[in-house]
Amino acid sequence: TSKIWTRDSSPNAMMTLSGHDRSVFGIDWSPQTTETLLLASCSYDHTTKLWDVKTGASIHALRGHKKPVFCCRFSPTGDIIATGSADRSVMLWSPKTGRLIASHVSTAEILDLQWSPQGNEIAFACADGRVGVLDPRAVQDTVAA
């Protein structure tokens, strides 16, 4: 469950987003360049969910990781969302369709990831102490060297 709060002093949540079966590890807002403001939440239940913030509706459940999803980030243009998981993979998804675009398997669990400001690279941090950088245009189910 994720809750959205207002900035005023009200003790009540503005909206509750229910749908994950386990703990939520990460969240990210879509950029203002997207048609609909979305919130992504990733979870120990192996999924990332995309939510319409205005209505609270679940737009897509991104399923493909085989272990908990630790991080999720929208690209600067909002046309791709990247997810990182304990299954050692970075997956790239279409927020519009919810479909998997590409994936990359690394050397260890993916603990965090971040897009470059231009959106042409994704840096990711691994549990084995390594940091990787991907070009999202070139990712094709490859294994890191």
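Here, each number is a calculation from the coordinates, and none is a lab measurement. Fair warning: this is a prediction, and the values are worked out from it, not measured in the lab. Reconstructed Cβ throughout: ideal geometry from the backbone, glycine too, with neighbour counts over all protein chains shown.
Quick one: in the range 60-130, what % of C-alpha pairs are over 14 Å apart?
Summing the P(r) of the range 60-130 above 14 Å gives 53 percent of all pairs.
Relative to a virtual label point 7 Å from the Cα of A57 in the Cα→beta-carbon direction, which members of the range 65-102 show backbone nitrogen distances below 16 Å?
From the range 65-102, the list is 96-98.
With a cut-off of at most 16 other beta carbons within 10 Å, and DSSP calling the residue loop, which trypsin sites (Lys or Arg not before Pro) in the range 72-133 qualify? Please list them.
K96, R99, R130
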